[in-house]
Amino acid sequence: MFKEKPARKTILIAAIFFIFLLIWTLWQFHFNYMVASYDTIFHSQRIYEIRLAFLNHTLPSWLNFNTFFFTGQAINGMYPDYTLWPFVWITNFLTPIHQIIAIRALIAAGSFVVTFLSLNKRFSSQNAVLAASIFALSGSVLKDLTGEMQSGTAIIMMFIFPILFTLKDIIQSKNWDLKLVLKTALLMTIVVNSHLLSAVTITIVAGICLIIETILRKNFWSWINLLAAAFLTILLSLPIIERVMAISKSGLLSPFGKGNIISLSLWELVKKPDWDAKATISGATIVFLVIALAGLRKSNLKRLLPWLVVELILVILSSNIFPWKLFNSLPIINNFQYANWRFGIFLGVIPILLILLAYEKRLATIILMFLTLVSYPMAIYTANHNQHFKADNAVVVTQFTQKQIPQNKTVKLTSTGINSDKIMRSLLPDYTPDTTPLQKDSDGMFLDGSIIYPLANHLGQTPQKDFILTPKSTIKSVTWSGQNIPKGNITLPSYGYKSLQYRITLNGQPIAWHLSDHGLITINIPKNLQKMDVKIKWLTPKVYPVLLIFSSLLYLLLLGYLIRLYPRFIGNAFSKIKAVL
């Protein structure tokens with residue numbers, strides 16, 4: 001009976017977390033809207049596009065015909081989303097806005113569960129569940145749950161502890177290790193299919209650690225294992241590679257700030273230590289670091305040193321200590337925009353691990369219990385603050401909203417307002433053709449007024465005058481309807497990508513098309529039309545479903561094989577569950 005107490009405590013601590021998460025979810029549900037700004041709006045529309053595809057029993061389109069002003073912009077095609085698909089699929093019975101709230105809660109729950117399972121293999125179950133609670137109630141995870149949502153990096157943070165442990169093991173591997181190769185490939189595939197620049201970020205940090213390990217240990221087996229894992233990761237990521245390469249052949253605008261990586265000073269990283277800070281050092285991270293460093297002893301230095309080095313690397317790469325200006329011309333790296341956006345999200349992970357390693361089990365439990373008790377009121381305060389600060393007077397966006405909402409305004413997003421064409425934040429230059437005009441002196445952040453005008457107002461432009469058009473969209477097409485359209489060229493408010501295939505019809509008949517100087521689809525009307533219906537349909541490349549099936553089956557096969565390699569671990573897991581129940 002007494003042996004069961006630790007397990008019961010673990011269950012109780014986990015239950016408290018899930019009750020908290022359920023209360024937050026129901027609290028959000030009752031508003032029937034979601035406070036949204038910046039990236040929250042962006043990712044909400046991505047999710048909405050996937051939602052509609054699944055409801056229509058088809059694969060999501062590469063082009064956004066139902067969101068982002070119905071322009072057929074290649075946002076869903078260029079932004080990895082495969083890890084998001086399961087969350088959308090299992091929540092598709094909900095209304096659109098409740099679905100997004102539920103997905104945020106599920107990702108937070110997943111972060112808690114995966115972190116617990118990963119730490120439970122190395123530490124006591126009670127300390128593991130406390131650490132998982134702290135992790136899910138602070139920093140990046142809390143920000144994605146209650147503040148600005150960035151679904152791609154949120155899913156990566158769900159798996160960050162197994163990613164860290166696996167990379168450490170493979171970097172320190174001293175012989176061929178198939179298990180580590182498979183684990184690394186499967187985990188990095190999740191990263192690649194969630195957020196491409198985060199894959200680059202993690203690779204950079206791992207690469208630095210690999211070089212240090214090679215110099216100190218003269219060990220080259222780790223290189224062989226990592227190269228094998230990289231090859232498998234590429235095979236498993238072929239669908240997103242195909243998407244990105246196919247669309248990029250059209251020629252796309254560079255991301256804003258390309259070639260001008262901005263980095264913060266150490267003071268700027270810590271001067272605003274919010275509990276849910278994501279790209280800077282959060283208040284939680286500072287507290288965890290101070291406590292961990294207080295427990296640093298000569299006896300545990302060897303155990304802590306590798307993780308201290310990783311945290312130091314992250315701090316340096318997040319700040320202007322690292323000479324980022326030297327890398328402004330290096331391909332891929334020059335897309336980082338802000339260094340702390342890429343590396344800062346991981347700053348709150350290592351300090352939790354350091355506490356577990358720095359103190360003996362009983363003292364670590366006391367410290368983690370104290371930090372958990374602090375985390376709950378801080379998380380509640382943060383959630384309440386994010387719900388009401390700058391939002392109480394925000395516009396409630398529905399399908400009936402008529403007034404345009406400026407770029408950086410916070411809104412209250414409803415189910416019918418997710419794809420509203422009044423949210424100017426949705427008119428952005430991301431992944432548009434490289435001929436799209438940009439606002440001067442905006443460093444590529446904003447579109448020029450000359451293209452915002454026709455896109456925002458759904459205008460067909462002819463040499464004589466502009467005509468208001470009405471969009472009607474499906475998963476892979478949009479139809480622009482207008483009346484009294486004169487003979488001659490008309491430029492439609494839809495982007496065209498030269499490397500993609502379209503079927504464009506005018507009143508049901510195929511018609512030739514070309515691109516305007518601004519990258520918009522233009523057709524020639526052969527005669528005056530009393531009524532015009534132009535349907536722009538994107539044609540899915542035939543190789544894409546084949547690659548998707550191949551990579552999915554390969555992933556499942558490798559995962560199944562990896563599970564077979566761990567029979568003892570699986571058996572122990574079932575034994576623990578049975579003992580608890």
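Checking Asn127 against (1) part of a helix (DSSP H, G or I); (2) within 30 Å of Tyr376 (Cβ to Cβ); (3) under 16 Å from the mean Cα position of the chain (by Cα); (4) touching a residue at least 60 places away in the same chain (Cβ under 8 Å), which test does it fail?
(3)
Only one residue in Ser499, Ser420, Ser442, Ser450 is outside any strand (DSSP E or B), among the hydroxyl-bearing types (Ser, Thr, Tyr) and in contact with a Pro (Cβ under 6 Å, 6 or more places away or on another chain), so which one is that?
Working: Ser499 fails: in contact with a Pro (Cβ under 6 Å, 6 or more places away or on another chain); Ser420 fails: in contact with a Pro (Cβ under 6 Å, 6 or more places away or on another chain); Ser442 fails: in contact with a Pro (Cβ under 6 Å, 6 or more places away or on another chain).
One residue alone meets the criteria, Ser450.
Does any residue of segment 253-275 turn out to be touching a Leu at 6+ places or on another chain (Cβ under 6 Å) and either touching a residue at least 40 places away in the same chain (Cβ under 8 Å) or closer than 30 Å to Pro437 by Cα (or both)?
No: segment 253-275 contains no residue that is touching a Leu at 6+ places or on another chain (Cβ under 6 Å) and either touching a residue at least 40 places away in the same chain (Cβ under 8 Å) or closer than 30 Å to Pro437 by Cα (or both).
Any idea which residue in segment 23-37 is surrounded by the fewest Cβ atoms within 10 Å (Cβ to Cβ), counting only those that are closer than 12 Å to Leu413 by Cβ and of a type in the set (Phe, Trp, Tyr)?
If we take residues in segment 23-37 being closer than 12 Å to Leu413 by Cβ and of a type in the set (Phe, Trp, Tyr), then Phe31 is surrounded by the fewest Cβ atoms within 10 Å (Cβ to Cβ).
Which of the residues spanning segment 375-392 are in contact (Cβ under 8 Å) with a residue 24 or more places away in the chain, surrounded by 16 or more Cβ atoms within 10 Å (Cβ to Cβ) and within 15 Å of Asp274 (Cα to Cα)?
Passing the criteria: Ser375, Met378, Ala379, Thr382, Ala383, Asn386.
Within segment 511-552, restricting attention to residues that are assigned to a helix (DSSP H, G or I) and open to solvent by less than 80 Å² (accessible area, probe 1.4 Å), which residue is nearest to Leu438 (Cα to Cα)?
Tyr544
From the residues in segment 66-94 that are aromatic (Phe, Trp, Tyr) and in contact with a helix residue (DSSP H, G or I) (Cβ under 8 Å, 6 or more places away or on another chain), which one is surrounded by the most Cβ atoms within 10 Å (Cβ to Cβ)?
Phe68
For segment 220-231, how many residues are more than 17 Å from Tyr555 (Cα to Cα) and open to solvent by 20 Å² or more (accessible area, probe 1.4 Å)?
Within segment 220-231, residues that are more than 17 Å from Tyr555 (Cα to Cα) and open to solvent by 20 Å² or more (accessible area, probe 1.4 Å) number 6.
From Ala294, Ala339, which residue is aliphatic (A, V, I, L, M), at pLDDT 90 or above and in contact with a Phe, Trp or Tyr (Cβ under 6 Å, 6 or more places away or on another chain)? Give the derivation first.
Details: Ala294 fails: in contact with a Phe, Trp or Tyr (Cβ under 6 Å, 6 or more places away or on another chain).
From the options Ala294, Ala339, the qualifying one is Ala339.
Is one or more of the residues making up segment 314-322 farther than 28 Å from Val287 by Cα and open to solvent by less than 10 Å² (accessible area, probe 1.4 Å)? Steps first, please.
Keep residues of segment 314-322 that are farther than 28 Å from Val287 by Cα, which gives none.
No, segment 314-322 contains no residue that is farther than 28 Å from Val287 by Cα and open to solvent by less than 10 Å² (accessible area, probe 1.4 Å).
When residues of segment 393-403 are filtered for being in contact (Cβ under 8 Å) with a residue 40 or more places away in the chain and open to solvent by 80 Å² or more (accessible area, probe 1.4 Å), how many remain?
Number of matching residues: 0.
Go through segment 1-107 and tell me which helices (runs of 4 or more DSSP H), entirely inside it, have 1 or more residues that are over 21 Å from the mean Cα position of the chain (by Cα). So that I can check it myself, show each step before the final result.
Working: elements: 5-31, 39-55, 75-78, 85-90.
Those helices (runs of 4 or more DSSP H) span 5-31, 39-55.
Return the residues of segment 250-263 that are in contact with a strand residue (DSSP E or B) (Cβ under 7 Å, 6 or more places away or on another chain) and surrounded by fewer than 17 Cβ atoms within 10 Å (Cβ to Cβ); say none if nothing qualifies.
Across segment 250-263, the qualifying residues are Gly251, Ile262.
Being open to solvent by 60 Å² or more (accessible area, probe 1.4 Å) and within 28 Å of Tyr82 (Cβ to Cβ): is that true of Ile234 here?
Judged against the criteria, Ile234 is a match.
Specify the residue that is most open to solvent (accessible area, probe 1.4 Å); the eligible residues are those in segment 445-472 that are under 26 Å from the mean Cα position of the chain (by Cα) and over 15 Å from Gly519 (Cβ atoms).
Met445
Looking at segment 213-230, I want the residues that are without any contact (Cβ under 8 Å) to a residue 12 or more places away in the chain and have a partner that is open to solvent by 100 Å² or more (accessible area, probe 1.4 Å) and among the hydrophobic types (A, V, I, L, M, F, W, C) with Cβ atoms under 6 Å, at least 6 apart or on another chain. Which pairs are those?
Note: no pairs meet the criteria.
Sort out which residues of segment 331-346 are more than 17 Å from the chain's Cα centre (by Cα) and in contact (Cβ under 8 Å) with a residue 24 or more places away in the chain, and write them in order of number. Walk me through how you get there before you give the answer.
In the first step, residues of segment 331-346 are kept if they are more than 17 Å from the chain's Cα centre (by Cα); the result is 331-334.
Within segment 331-346, Ile332, Ile333, Asn334 qualify.
Yes/no matrix, rows are residues, columns are (1) touching an Asp or Glu at 6+ places or on another chain (Cβ under 6 Å); (2) surrounded by fewer than 19 Cβ atoms within 10 Å (Cβ to Cβ); (3) under 23 Å from Tyr381 (Cα atoms):
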residue	(1), (2), (3)
Pro273	no, yes, yes
Ile286	no, yes, yes
Leu296	no, yes, no
Val310	no, no, no
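Those residues that are among the β-branched types (Val, Ile, Thr), in a helix (DSSP H, G or I) and touching a residue at least 12 places away in the same chain (Cβ under 8 Å), I need them from segment 347-373; list them, please.
Correct list: Ile350, Ile352, Ile355, Thr365, Ile367, Thr372.
Looking at segment 342-359 only, could you name the residues that are among the hydrophobic types (A, V, I, L, M, F, W, C) and under 15 Å from Ser133 (Cβ atoms)? Break it down stepwise before answering.
Residues of segment 342-359 among the hydrophobic types (A, V, I, L, M, F, W, C): 343, 345-347, 349-350, 352-358.
Within segment 342-359, Val349, Ile352, Leu353, Ile355, Leu356 meet the criteria.
Within segment 488-504, take every residue that is surrounded by fewer than 17 Cβ atoms within 10 Å (Cβ to Cβ) and in contact with a strand residue (DSSP E or B) (Cβ under 9 Å, 6 or more places away or on another chain) and give me the one that is farthest from Thr432 (Cα to Cα).
Looking at the filtered set, the residue picked out is Gly488.
Just checking, does segment 43-52 include any residue being open to solvent by 40 Å² or more (accessible area, probe 1.4 Å), out of contact with any Leu (no Cβ under 7 Å at 6 or more places or on another chain) and among the aromatic types (Phe, Trp, Tyr)?
No: segment 43-52 contains no residue that is open to solvent by 40 Å² or more (accessible area, probe 1.4 Å), out of contact with any Leu (no Cβ under 7 Å at 6 or more places or on another chain) and among the aromatic types (Phe, Trp, Tyr).
Looking at (1) closer than 27 Å to Leu347 by Cα; (2) touching a Gly at 6+ places or on another chain (Cβ under 9 Å); (3) free of Cβ contacts under 8 Å to residues at least 24 places away in the same chain; (4) of a type outside the set (Gly, Ala, Ser), which one does Asn64 not meet, given that it meets all the others?
Evaluating Asn64 over (1) closer than 27 Å to Leu347 by Cα; (2) touching a Gly at 6+ places or on another chain (Cβ under 9 Å); (3) free of Cβ contacts under 8 Å to residues at least 24 places away in the same chain; (4) of a type outside the set (Gly, Ala, Ser) leaves (1) as the failure.
Which number in (1) open to solvent by 30 Å² or more (accessible area, probe 1.4 Å); (2) under 30 Å from Pro541 (Cα atoms); (3) among the aliphatic types (A, V, I, L, M) marks the one condition that Leu266 misses?
(2)
Just need a number here: residues in segment 293-322 that are assigned to a helix (DSSP H, G or I), under 27 Å from the mean Cα position of the chain (by Cα) and among the hydrophobic types (A, V, I, L, M, F, W, C).
10
The values are calculated or read from the model by the stated rules, or taken from the named source; none is laboratory data. None of these values were measured; they are calculated from a predicted model. Here the Cβ is made from the backbone with ideal geometry for all residues, glycine too, and neighbour counts use every protein chain on show. Side chains included, ligands, DNA and RNA excluded: accessible areas come from the protein's heavy atoms. Shrake-Rupley method; radii C 1.70, N 1.55, O 1.52, S 1.80 Å.
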